[in-house]
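Comments concern the structure below.
The values are calculated or read from the model by the stated rules, or taken from the named source; none is laboratory data. Bear in mind the structure is a predicted one, so any value in this text is a computation, not a measurement. Here the Cβ positions follow ideal geometry from the backbone for every residue, glycine too, while neighbour counts run over all protein chains shown. Ligands, DNA and RNA are stripped out before the accessible areas are found, and what is left, the full protein with its side chains, is counted by its heavy atoms. Shrake-Rupley method; radii C 1.70, N 1.55, O 1.52, S 1.80 Å.
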Amino acid sequence: TEEMLSRERNLLRTLIDNLPENIYIKDRQSQFLLNNAVSMRLLNVNRQEDLIGKTDFDFFPREIAESWYAQEQAMMASGIPQLDVVEEQSWRGSYRRWVTGSMIPLRDAGGQVIGMVGMNRDISESKNAEEKLRSSEQRLRAIISNIPVILFSLDSSGVFTLSEGKGLDLLRLKPGEVVGLSAYDFYKDYPHIVELLHQAVEGKLTRAVHDMGDYVFDVFYTPL
């Protein structure tokens, strides 16, 4: 039995130490019982023994530790796991990171909650990339909204999937108003434009003039 338990402990240790997530187990008082390699590295600790009985209060500013302690105690009191929660964390002073984390109640053989298993993964890189993309989109939208151009896109069947830009005012249209409509129907009174759009959708045209009588547009086509 001792050999079997030793093998199981070794298997568990090998497994959690090679996972990229920060994994830790705490008792009912939120004291550390077990941490994987990632967790110990984040806490700047080399040995598991140096964490036993300690809490987040020993490693983080009191305000942060109190917030995490309250979350853990509430979860253990309710017995309801919290899964895939995304939050922004302060980390080592001014450094901030985004994580997606889960907390799961740890129960004894009788079903009583005796602690918790926590795990989280740093998603700062992807979150920062999302923020940069969102900022770029906002800047592009601001530019398009303030210069007299029209930005539109069509799917392979010639249906509008995007219509934006200050230039829509000339056609008495609002942004997105024609999305879902067939461009061929929209331009049915201008058969020469319909033909140009057919060629553009087929990738045979990169630039043309849309002559609509009162207005003449210089149009650039780019395949998506």
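Structure summary
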item	result
Members of region 172-224 found to be loosely packed, with under 14 Cβ neighbours inside 10 Å, more than 18 Å from Thr161 (Cβ to Cβ) and aromatic (Phe, Trp, Tyr), listed by number	Tyr215
Yes/no for Gly176 being within 29 Å of the chain's Cα centre (by Cα) and either within 23 Å of Asn35 (Cβ to Cβ) or assigned to a loop (DSSP other than H, G, I, E, B) (or both)	yes
Of residues in region 31-43 being out of contact with any strand residue (DSSP E or B) (no Cβ under 8 Å at 6 or more places or on another chain) and open to solvent by less than 90 Å² (accessible area, probe 1.4 Å), the one modelled with the highest pLDDT	Gln31
Any hit, region 152-168, residues being over 28 Å from Pro20 (Cβ atoms), open to solvent by 40 Å² or more (accessible area, probe 1.4 Å) and part of a helix (DSSP H, G or I)	yes
Tally of residues being crowded, with 17+ Cβ neighbours inside 10 Å and either in contact (Cβ under 8 Å) with a residue 60 or more places away in the chain or under 15 Å from Asn120 (Cβ atoms) (or both) across region 49-81	6
Qualifying residue in region 78-95 (condition: closer than 14 Å to Gly118 by Cα, modelled with pLDDT of 90 or more and in a helix (DSSP H, G or I))	no
Unmet requirement for Gly180, which otherwise passes all of (1) modelled with pLDDT under 90; (2) at positive phi	(1)
Some residue of region 21-30 being in a strand (DSSP E or B), hydrophobic (A, V, I, L, M, F, W, C) and touching a residue at least 24 places away in the same chain (Cβ under 8 Å)	yes
Ser135 being among the polar types (S, T, N, Q), under 21 Å from the mean Cα position of the chain (by Cα) and part of a helix (DSSP H, G or I)	yes
Filtered residues of region 103-134 (kept if open to solvent by 50 Å² or more (accessible area, probe 1.4 Å) and of a type in the set (D, E, K, R))	Arg107, Asp108, Arg121, Asp122, Glu125, Glu130, Glu131, Lys132, Arg134
The lone exception for Gln138 - which of (1) more than 28 Å from Arg28 (Cβ to Cβ); (2) open to solvent by less than 80 Å² (accessible area, probe 1.4 Å); (3) of a type in the set (S, T, N, Q) it fails	(2)
Residue that is touching a residue at least 40 places away in the same chain (Cβ under 8 Å) and of a type outside the set (A, V, I, L, M), where the choices are Gly158, Gly180, Gly111, Gly176	Gly158
Test: residue in region 207-215 that is hydrophobic (A, V, I, L, M, F, W, C) and within 37 Å of the chain's Cα centre (by Cα)	no
Residue within region 44-51 that is at pLDDT below 95, among the polar types (S, T, N, Q) and in contact with a helix residue (DSSP H, G or I) (Cβ under 9 Å, 6 or more places away or on another chain) present	yes
